[in-house]
Amino acid sequence: MSERCSPMADCLFDEAEAAYRYAYASTRAEAIGLQRRVAASRAVEPSKGYFARSEYYLGLSERARAMHLVRAMARSHPDYVFSSYSAALVYGLQVPYALLDTVHLARGDRCNRRLRYEGIVCHEAPCRPFEVIDGIRVTPLDRTVLDCLCQTDFAQGLAIADSALHERMISKAELIAFMVRNGARRKGVSTARRVAAAADSRSENGGESMARATMIELGFMIPELQVELDDPLEPGRVYRVDFLWVLPDGAVVVGELDGGWKYVSKERSASAAIKAMRKERLRESRLSLTGVKVLRFSYEQAIDRAYMHRLLTCAGIPMRAT
């Protein structure tokens, strides 16, 4: 049996990896072959019934792992309709990693009634209408965004809403109008309304959105986003900054979210990382020559409310008028 299962498992893994999804078994023999790979520590089972080679799995990001599972489930169960954060992921929205550990499905009167697996949540919602994105059934975009905003907190919701606006999938006016029509009396709709009011299409990634959410929730002046500043040494060259405040006395403060991925990644060599660090230092020195004060902070610092309160207070960022 083991000799027959080994090439069978390899075939399943090769086919799955080519389609950027996890492998699954359609027969008892295939299931035995995949389970034996797991027992031999040559494969993992990220979710019940779905498998990946160990080395391949370790090379995937959290976002890629979530999408691999959704693609595998959509292929093995073509009648599934994905909803909430899973649908948002399929649309390409900036779903925070903390929300990617669970698969969300829409469940109508006859949809997914018997699903009781760990890591799967079925929402009492109609399975129709649905959209089809790359062969995957998902709830309509406006409903997906509203569901997400009602089910998560302000910061995580802002990352999702900002990305929907940034990618021009929906306008702020359309989002608010859909919420007015469909959000009444829904649990979490008050948070969803706050998110929709604060959403901004200029935010370029989820980290920036969550950093801005911290600033908003702490009560500080809301910065302008993605502002271009001229390089004083090279006319015609501009630097676009993540956040910018113009203080009451006319002073300008720039905020920069420092993403570690700029310096360290699997594809980046040591020399390339050093080059990236030098480029960032040059950028900061040029910005300083314009007379602005530059604040740099990491994502971890940006979501640390106590740290950000100290940082923004020391930088002279005023509180918003209530």
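So if I take the centroid of the Cα atoms in segment 53-74 and the same for segment 116-181, what is the distance between those two points in Å? Each part reduced to its Cα centre gives a spacing of 22 Å.
Per residue, the chain exposes an accessible area of 53 Å² to a 1.4 Å probe, with every protein chain left in place. DSSP assigns beta bridges within the chain; of those with both partners inside it, close to 65 percent run antiparallel.
Judged by the mean number of other Cβ atoms found within 10 Å, the most tightly packed of the peptides 6-19, 214-227 leads the ranking 214-227, 6-19. The angle between the Cα long axis of helix 305-314 and the main principal axis of the chain comes to about 20°, on a 0 to 90 degree scale. Summarising the label geometry, the points placed 7 Å from Cα in the beta-carbon direction at ALA40 and THR27 lie 1.9 nm from one another.
Can you give me the relative contact order of the chain as a percent, contacts being Cα pairs under 8 Å and 6 or more apart? Kindly include the intermediate steps, with their values, before the conclusion.
On the way: 489 pairs, mean separation 33.6, N = 322.
Reported relative contact order: 10 percent.
Sorted on the mean count of surrounding Cβ atoms within 10 Å across their residues, most packed first, peptides 148-161, 91-104 read 148-161, 91-104. The slack in the chain from ILE133 to LYS172, taken as 0.36 nm per residue of separation less the alpha-carbon distance, amounts to 11.8 nm.
Please give the net charge around TYR307, taking every other residue with its beta carbon less than 13 angstrom from that of TYR307, where Lys and Arg add +1 and Asp and Glu add -1.
Once positives and negatives cancel, what remains is +1.
When peptides 41-50, 55-64 are sorted by average Cβ neighbour count within 10 Å, with the highest value leading, the order is 41-50, 55-64.
Provide VAL238, VAL138 ordered by accessible surface of protein heavy atoms (probe 1.4 Å), highest first.
Descending order: VAL238, VAL138.
Remark: the SER288-LEU218 segment gains 22.5 nm on full extension, using 0.36 nm per residue and subtracting the alpha carbon distance.
Probe radius 1.4 Å, ligands and nucleic acids ignored: give me the carbon and sulfur share of the accessible area of the chain as a rounded percent.
On the way: 8900 of 17130 Å².
For the chain, the apolar C and S fraction of the accessible surface comes to 52 percent.
For the chain, the longest principal axis of the alpha carbon atoms and the long axis of helix 2-18 meet at an angle near 40°. The calculated 222 nm mean residue ellipticity attributable to helices in the chain amounts to -14000 deg cm²/dmol, summing -39500 (n - 2.57) over DSSP H runs of n ≥ 4 and dividing by all residues.
Annotation for MET319 and TYR239: the two label points, set 7 Å from Cα along the Cα-Cβ direction, are 3.2 nm apart.
The values are calculated or read from the model by the stated rules, or taken from the named source; none is laboratory data. Only a predicted model underlies this, so the values are computations on that prediction, with no experimental measurement involved. When we count neighbours, we look across all protein chains shown, and the Cβ atoms used for this are built from the backbone with ideal geometry, even at glycine. Surface accessibility is based on the protein's heavy atoms, side chains included, excluding ligands, DNA and RNA. Shrake-Rupley method; radii C 1.70, N 1.55, O 1.52, S 1.80 Å.
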